[in-house]
Amino acid sequence: MPKDEAKKRCWLVDSKGLVVHSRLHELQHHKIPYAHEYPEEIKEFIEVVRKLKPTAIIGVSAQAGAFSQQVIELMAELNERPIIFPLSNPTSKAECTAEEAVKFTKGKVLFASGSPFPAMEYEGKRFVPGQGNNAYIFPGVGLGAVLGGLKHVTDGMLRIAAQAVADTVTPEDVAVECLYPPLTKIRSVSAKIALMVIEEAKKENLATRLEIQSEDQVRKEMYDPAY
């Protein structure tokens, strides 16, 4: 999908409501690319959801409760599998809890959070909330950059790193609705990311060290805090 087309599908909501073109005069520069044309200004988040009918909502507001019961239930009405990602840290600032997302969607939600939430059961099924945290990405990318002697870290390498995280999600994770691998596997995930970043750097002619060719080689170079 072209970048401009993808951008049209992303809407922002700030403390004053939906970010639209008629608000250009008051918007910070980073919001302007997402200020779309819309016939009205909407202040309440639930009204934004009701009118735009999003498939996913992502919270980075640090406003606990921003994803209210009414908002979550509406997302479940609009989507067979609503995507709800309250990514704010710490846990006390999350836009909703995992329990709320599961309960108010009757178990339909695809959930990940920036802060950790405990595993839970709903109507006899176990749910393990995934943690959508950049801790999955930056150790592996940094390791790959060092081991591959990278000249630059490109967007392509970050996309490869994201794909590497997705590839490590197992059928067992999916069975408990966990969209990310457990953080207990972070070293294994980092090794995979590092290798894939190095391989992408070689394709882009940005690697100055070419000897790393396997995850075993990567693991041998990883620091082990054991004494």
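The values are calculated or read from the model by the stated rules, or taken from the named source; none is laboratory data. What you see is a predicted model; the values in this text were computed from it and never measured. Methodologically, a virtual Cβ is constructed for each residue, glycine included, from the backbone with ideal geometry; neighbour enumeration extends over all protein chains shown. Accessible surface is based on the protein model in full, side chains and every heavy atom, while ligands, DNA and RNA are left aside. Shrake-Rupley method; radii C 1.70, N 1.55, O 1.52, S 1.80 Å.
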Near pairs, Cβ below 8 angstrom, 6+ apart or cross-chain, from segment 144-171 (without any contact (Cβ under 8 Å) to a residue 40 or more places away in the chain) to any residue that is of a type in the set (Phe, Trp, Tyr) and assigned to a helix (DSSP H, G or I): 165/136
Subset tally (residues that are among the polar types (S, T, N, Q) and either within 12 Å of residue 199 (Cα to Cα) or within 16 Å of the chain's Cα centre (by Cα) (or both)) for segment 149-167: 1
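Every residue, every condition in (1) modelled with pLDDT of 95 or more; (2) more than 26 Å from residue 16 (Cβ to Cβ); (3) surrounded by fewer than 15 Cβ atoms within 10 Å (Cβ to Cβ); (4) hydroxyl-bearing (Ser, Thr, Tyr), yes or no:
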position	(1), (2), (3), (4)
53	yes, no, yes, no
57	yes, no, no, no
69	yes, no, yes, no
75	yes, no, no, no
82	yes, no, no, no
105	yes, yes, no, yes
110	yes, yes, no, no
Failed condition for residue 188, given (1) open to solvent by 40 Å² or more (accessible area, probe 1.4 Å); (2) assigned to a loop (DSSP other than H, G, I, E, B): (2)
Index of the failed condition, residue 50 passing every other in (1) touching a helix residue (DSSP H, G or I) at 6+ places or on another chain (Cβ under 8 Å); (2) under 24 Å from residue 120 (Cα atoms); (3) assigned to a helix (DSSP H, G or I): (2)
Hits in segment 147-180 (condition: outside any helix (DSSP H, G or I) and within 26 Å of residue 211 (Cα to Cα)): 148, 149, 150, 151, 152, 153, 154, 168
The listed residue being closer than 24 Å to residue 204 by Cα, among the acidic types (Asp, Glu) and out of contact with any Ser or Thr (no Cβ under 9 Å at 6 or more places or on another chain), out of 155, 173: 155
Cross-chain or 6+ apart pairs with Cβ under 8 Å, segment 57-71 first and on the phi > 0 side of the Ramachandran plot, then part of a loop (DSSP other than H, G, I, E, B) and open to solvent by less than 70 Å² (accessible area, probe 1.4 Å): 62/88; 65/95; 65/96
Any hit, segment 125-143, residues being of a type outside the set (A, V, I, L, M, F, W, C), open to solvent by 40 Å² or more (accessible area, probe 1.4 Å), at pLDDT 95 or above and part of a loop (DSSP other than H, G, I, E, B): no
Test: residue 23 is surrounded by fewer than 13 Cβ atoms within 10 Å (Cβ to Cβ) and of a type in the set (Lys, Arg): no
